[in-house]
Amino acid sequence: MSTPSTRAAEGRTASGQVTMAAALGQALRHSLEDDPNVVIFGEDVGPLGGVFRVTDGLARDFGDQRVWDSPLAEAGIVGTAIGMAMNGMRPVIEMQFDAFSYPAFEQITSHLAKQRNRTRGAVRLPIVVRVPYAGGIGGVEHHSDSSEVYWAHTPGLTVMTPSNPADAYSMLREAIALDDPVMFLEPKSRYWTKADLDLPVQAAPSNRAAVVREGTDVTLLAYGPTVATAIEAADLGADEGLSVEVVDLRSLSPFDDETIGASVRKTNRAAVIHEAHQFCGYGAEVAARVTEREFFSLAAPILRITGFDVPYPSPKLERYYLPTAERVLAALDTWEW
Amino acid sequence: MSHDVVPPRPGTATLPTEQPIRFIEPNGELAPGDAHGGFALPPIADLVDMHRRMSVARRFDTQVTALTRQGRLATYPSALGQEAAEIAASRALLPGDWLFPTYRDTIALLDRGVNAESILSFFRGDWHMAFDPYEHAVAPQSTPLATQALHAVGFATAATRRGEDTVCLAMLGDGASSEGDAHEAFNFASVWNAPVVFLIQNNQYAISTPTRRQFAARTLADRAVGYGMPGHYVDGNDAAAMLAVLRDAVAHARAGGGPTLVEAYTYRIESHTNSDDPTRYREDDERRSWQERDPIARLEKFLEAREAFGDEDRLRVQEESEHLAASTRDAMNATPELDPLEIFDHVYSAERTSLLEQRAFLEAELASAEPAIGSGGAR
């Protein structure tokens with residue numbers, strides 16, 4: 001299918017760089033072109049192109065039978081997507097904002113995640129739920145939650161979160177091609193992150209973590225929005241003579257024990273960074289898994305640098321809540337080296 | 001600011017009838033024409049067929065309730081008294097159409113041709129669902145309320161977009177009609193003009209909560225007009241009325257007319273499941289008054305008066321019923337060997353290391369001389 005070859009349609013900015021939002025849009029465009037069963041719907045994903053413009057131009061180029069605005073109802077969006085997928089379609093749906101997905105919690109956890117299992121494999125649900133998530137954009141209440149643990153805790157769901165434009169493109173393409181439901185978490189503070197890219201691009205498989213920066217003293221485990229924080233901490237640490245390895249988890253479920261274990265065995269120290277609250281957070285799972293498997297190579301307890309155990313703060317206060325590179329380094333200083 | 005007058009849109013509907021649509025009175029006589037709601041009486045042959053299927057379904061239902069009391073099944077939500085609505089739902093659909101049932105709609109599944117044992121293995125506790133939905137065009141029975149109504153809307157929408165004329169019929173109860181998903185399903189279906197029929201079986205109680213504590217509208221069918229679709233208020237114990245209205249709604253959907261909401265005004269004779277005590281929330285008199293409106297006895301009288309049903313037919317129906325009851329007893333009295341390792345299957349399409357590890361753990365435990373395995377989940 002030919003599409004308008006404007007710069008915007010190619011996902012490139014005037015400077016020749018691709019933003020994460022544009023890379024995601026291109027992944028959607030290419031998936032729509034490749035498979036007539038792929039459909040996109042949700043609130044405002046049509047002519048507006050989504051509130052973050054990820055679906056920009058898709059309704060215009062593919063028509064309202066492929067890309068359309070749904071009524072404003074998240075359970076309805078997920079529930080109807082389940083029925084469509086049962087009847088051969090591959091819906092890619094949007095939750096608009098993380099906390100807006102909670103009305104759909106039952107459809108996601110009781111049906112989307114379980115239908116394959118309860119029908120002994122007869123019903124496949126190749127559905128991607130795109131969730132712009134996490135904070136840092138000055139959003140008001142309900143617009144900045146990190147909802148990853150709800151989904152990662154649910155058997156039957158695959159949970160991915162890219163941290164850069166290449167991964168965003170490649171992982172979303174993979175998610176759409178997968179025969180299982182995927183919670184695809186897009187770190188909205190990184191939508192405008194740019195990279196020099198020629199799309200399409202094939203990144204590492206989405207179920208593998210990636211060592212995005214090599215180091216020998218400590219492993220920082222991060223995902224989505226905090227990968228950039230970890231890299232910043234590595235830069236600052238290098239100034240102080242600390243060699244920091246940064247691992248981007250990429251896939252929250254499944255968990256890549258292998259890549260993470262290898263890094264921890266090399267550095268003997270690990271810290272997890274995420275925006276979500278600490279208590280029962282994803283970092284607890286990471287720390288427990290790594291401790292169970294790599295205890296004897298650990299020289300220090302695994303640290304968690306996370307958001308506080310409070311409701312996500314208002315925009316003027318969120319900077320006090322979000323983990324920063326300085327907080328990461330301060331946490332590492334609590335260890336005896 | 002004054003509101004503009006909204007022009008009528010396709011699918012905009014008027015309110016349902018004041019009285020439930022009815023063809024056959026509780027005494028078996030033909031109801032007066034103004035009670036028919038403008039619908040035509042279905043052919044007698046179809047009503048004879050309805051009668052046979054309803055009778056067989058009732059015998060099945062009482063058999064399963066008995067087996068549940070004997071402890072062969074973990075639970076069973078009976079549809080005794082609701083056979084007219086249940087079987088009409090199944091009969092109104094063509095073979096390629098899809099049924100989206102709840103946990104109470106077992107006899108509708110049975111009538112759709114799903115094997116009794118594979119339906120009941122859910123209630124026996126062997127596996128959540130043991131039939132292939134695609135084989136019978138029947139979705140898994142939904143326990144969360146009203147969620148499957150949205151699946152029906154999505155399925156039907158996909159069918160339309162693929163150029164297929166499939167109609168989906170979603171079954172809900174009066175309690176489910178209070179759930180947000182019911183509202184979302186009605187609204188999505190109407191906005192998308194989806195070929196869907198919503199059948200609400202108002203059986204007067206959501207477990208123990210009576211309808212007066214469930215909704216304040218005159219009828220549940222009244223809600224249809226607010227969604228821009230036709231709504232029909234039907235005597236749910238009249239098989240002829242249920243069949244006529246549901247068939248019409250299915251045809252309306254297939255012709256591109258969009259969704260219809262049908263309320264079957266009926267009554268659950270049995271308890272919600274074997275685990276509740278209906279004497280705590282309803283009077284025996286009430287139950288008796290509904291037994292006098294029994295859907296099978298009523299239809300039988302109607303057909304007898306037209307010489308469409310006699311002793312020979314009665315014997316034939318009894319024979320078929322007892323045959324099914326016996327095979328159901330045999331199947332439920334057997335104790336199938338379950339493979340515990342199957343719990344790890346069908347979670348994801350691809351193998352997942354963490355599950356393979358847990359599977360190996362259970363496998364080793366099963367192979368060991370003294371397995372550290374408990375007596376199983378609570379029953």
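Applying D = kT/(6 pi eta Rh) to the stretch B:258-342, where Rh is the Kirkwood radius over alpha-carbon pairs, T corresponds to 20 °C and eta to 1.002 mPa s, the Stokes-Einstein value obtained is 123 µm²/s.
Filter the GluC sites (Glu not before Pro) in the stretch A:301-337 down to the DSSP loop ones having no more than 15 other Cβ atoms within 10 Å, then list what survives. Passing both the DSSP loop test and the Cβ count: A:Glu336.
The residues packed around A:Ser243, meaning those with a beta-carbon under 15 Å from its beta-carbon, carry a net charge of -3 if Lys and Arg are +1 and Asp and Glu are -1. Return an integer: the convex hull volume of the alpha-carbon atoms of the stretch A:66-210, in Å³ per residue. Hull volume over Cα atoms, normalised by residue count, gives 123 Å³. Only alpha carbons enter this Debye calculation for the stretch A:124-204, each as an equal point scatterer, and the log10 of I(q)/I(0) it gives at q = 0.12 Å⁻¹ is -0.37.
Judged by the mean number of other Cβ atoms found within 10 Å, the most tightly packed of the peptides A:65-74, A:194-203, A:90-99 leads the ranking A:90-99, A:65-74, A:194-203. Annotation note: GluC sites (Glu not before Pro) in the stretch B:94-178 located in DSSP loop regions with a Cβ neighbour count of at most 16 within 10 Å are B:Glu164. For B:Ser289, neighbours were defined as the other residues whose beta-carbon sits under 13 Å from its Cβ, and their charges (Lys and Arg +1, Asp and Glu -1) total -2.
Entry note, chain B: relative contact order of 24 percent, from Cα contacts under 8 Å with a spacing of 6+ residues.
Restriction of the GluC sites (Glu not before Pro) in the stretch A:175-244 to DSSP coil positions whose beta-carbon has at most 16 other beta-carbons within 10 angstrom yields A:Glu214, A:Glu240. About its Cα centre, chain A has a charge dipole of approximately 660 debye under the convention of +1 per Lys or Arg Cβ and -1 per Asp or Glu Cβ, with nothing else charged. Heavy-atom surface analysis with a 1.4 Å probe gives the stretch B:306-363 a carbon and sulfur content of 51 percent of its accessible area. In chain A, the longest principal axis of the Cα atoms and the axis of helix A:20-34 are about 40 degrees apart. In this view, the solvent-accessible surface of A:Arg265, computed with a 1.4 Å probe and all protein chains in place, comes to about 130 Å².
I'd like the distance separating the alpha-carbon centroids of the stretch A:142-205 and the stretch A:251-325, in whole Å. Measuring centre to centre over Cα atoms gives 19 Å. Helix A:282-294 and the long axis of chain A differ in direction by around 60°, with both axes built from C-alpha atoms.
For the set A:Tyr321, B:Tyr233, the ranking by accessible area, highest first and with no ligand, DNA or RNA atoms included, is B:Tyr233, A:Tyr321 under a 1.4 Å probe. Using the Cβ of B:Ala305 as centre and a radius below 13 Å, the other residues enclosed give a net charge of -2, where K and R count +1 and D and E count -1. The equivalent ellipsoid that matches the C-alpha gyration tensor of the stretch A:33-114 spans semi-axes of 21, 16, 9 angstrom, in descending order.
Computed on chain A, with alpha-carbon pairs under 8 angstrom and 6+ residues apart, the relative contact order is 14 percent. Counting only heavy atoms of the protein chains and using a 1.4 Å probe, B:Ser178 has close to 60 Å² of accessible surface. Counting, for every residue in A:116-128, the Cβ atoms of other protein chains within 10 Å of its Cβ and taking the mean gives 5.
Take each residue in A:251-258, count the other chain C-beta atoms within 10 Å of its C-beta, and the mean is 2. If you run the Gaussian network model on chain B, springs between alpha carbon atoms under 10 Å, then out of B:Arg352, B:Arg112, B:Arg162 the most flexible one is B:Arg352.
Per-residue surface analysis assigns B:Arg293 an accessible area of about 70 Å², computed on protein heavy atoms at 1.4 Å probe radius.
Of the three principal axes defined by the Cα atoms of chain B, the extents in descending order read 74, 63, 42 Å. Direction-averaged projected area, Cα convex hull, chain A: 16.9 nm², rounded to one decimal. Once the convex hull of all Cα atoms in the protein assembly as shown is built, its volume per residue stands at 188 Å³. The long axis of helix A:165-177 is offset from the longest Cα principal axis of chain A by roughly 50 degrees.
For the segment A:97-107, counting C-beta atoms of other chains within 10 Å of every residue's C-beta and taking the mean gives 2. Taking the helices alone, chain A has a mean residue ellipticity at 222 nm of -9000 deg cm²/dmol, built from -39,500 (n - 2.57) per DSSP H run of at least 4 residues and averaged over all its residues.
The values are calculated or read from the model by the stated rules, or taken from the named source; none is laboratory data. In this text the structure is predicted, and so the values were computed from the model without any measurement. Cβ sites come from the backbone with ideal geometry, for glycine too, and all protein chains shown count toward neighbours. Calculation scope for accessible area: heavy atoms of the full protein, side chains included, ligands and nucleic acids excluded. Shrake-Rupley method; radii C 1.70, N 1.55, O 1.52, S 1.80 Å.
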